[in-house]
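Report on one structure; see the data block that follows.
The values are calculated or read from the model by the stated rules, or taken from the named source; none is laboratory data. This structure is a prediction, so every number in the text was calculated from the model and none was measured. Positions of Cβ are generated from backbone atoms using ideal geometry, with glycine treated the same way; all protein chains shown enter the neighbour counts. Areas reflect the complete protein model, heavy atoms only, side chains present, ligands, DNA and RNA absent. Shrake-Rupley method; radii C 1.70, N 1.55, O 1.52, S 1.80 Å.
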Amino acid sequence: MDVDERARALYGQALGPARGVVHVVAVAGRDVIRIGPHAPESDTDFFALSLTRARVGAILVSGSVLRAEPELRYDLPDPLRRWREARGLDAPPRVCVLTRGPLPAAHPVWESWARPVVYTTGEAAASLSLPDRVEVVGVDEPSPRGAIAWLRERADAVSIEAGPSVARPLYDAPLAVDELLLSVFEGELDPRARGDAFLGEPALSDRLRRVHETRLEEPSGPWRFSRWLR
């Protein structure tokens with residue numbers, strides 16, 4: 001796989017290491033597509049997600065994502081790992097789990113390539129039982145913006161892979177998102193794959209500008225892939 005060539009075909013240009021906060025999300029209409037066996041498959045959407053992971057120094061997810069995806073790992077395909085290393089991003093990114101509650105101690109995310117961090121309350125931090133590899137950060141009021149600020153002190157770019165309850169408020173003033181990679185499924189979505197609402201594209205246009213869009217027919221149906229910038 002030629003990463004730059006595929007990025008140009010999808011977003012109109014090759015993409016280098018990111019700066020700031022990048023949000024990557026797949027939706028149908030306004031609703032986020034719930035990951036699972038009923039979600040429409042798209043190799044291109046998976047490439048967009050993997051490319052974003054390759055471009056950043058940190059990834060923000062939520063505890064609910066881990067609980068909903070018991071097999072989730074943060075490993076990169078070899079071509080993207082080589083692409084990342086060639087651009088000076090030698091260390092694996094941090095994957096930061098934002099939570100206020102318990103987390104599964106045996107989840108594979110703790111052993112995958114990315115460096116795991118838990119950002120939680122001080123009380124929860126004292127009671128969590130996780131592998132030694134996991135860095136646990138306890139604060140008074142854990143929030144998405146607080147987690148992003150903590151990560152930005154340690155990385156030039158952070159990607160958001162959490163659900164809409166975490167991501168949507170980041171679009172309120174002051175805007176916290178610098179770049180959005182939006183995958184839109186335009187086929188008939190299985191109701192079991194329909195998640196909570198994200199922002200519609202008119203609302204996004206009030207906050208970001210769309211710089212490129214590509215339409216593709218995947219085996220699962222028609223998709224649109226767009227890139228938006230602050």
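When region 75-86 is examined, which residues are found to be open to solvent by 10 Å² or more (accessible area, probe 1.4 Å) and touching a residue at least 40 places away in the same chain (Cβ under 8 Å)? Walk me through it before giving the result.
Narrowing region 75-86 to residues open to solvent by 10 Å² or more (accessible area, probe 1.4 Å): 75-79, 81-83, 85-86.
Once the filter is applied, which keeps residues that are open to solvent by 10 Å² or more (accessible area, probe 1.4 Å) and touching a residue at least 40 places away in the same chain (Cβ under 8 Å), region 75-86 yields 77, 79, 83.
For region 116-230, which strands (runs of 3 or more DSSP E) that fit wholly inside it have 1 or more residues that are surrounded by fewer than 15 Cβ atoms within 10 Å (Cβ to Cβ) and in contact (Cβ under 8 Å) with a residue 12 or more places away in the chain?
Values: elements: 135-139, 157-160, 179-185, 194-197, 209-218, 221-229.
Per the criteria, 135-139, 194-197, 209-218, 221-229.
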Next on the checklist: I want to confirm something. Restricting to region 54-68 and keeping residues that are crowded, with 21+ Cβ neighbours inside 10 Å and hydrophobic (A, V, I, L, M, F, W, C), which single residue is nearest to residue 219 (Cα to Cα)?
Outcome noted: 54
Checklist entry - Out of region 1-53, which residues are open to solvent by less than 10 Å² (accessible area, probe 1.4 Å) and either without any contact (Cβ under 8 Å) to a residue 40 or more places away in the chain or among the charged types (D, E, K, R) (or both)? => result 50
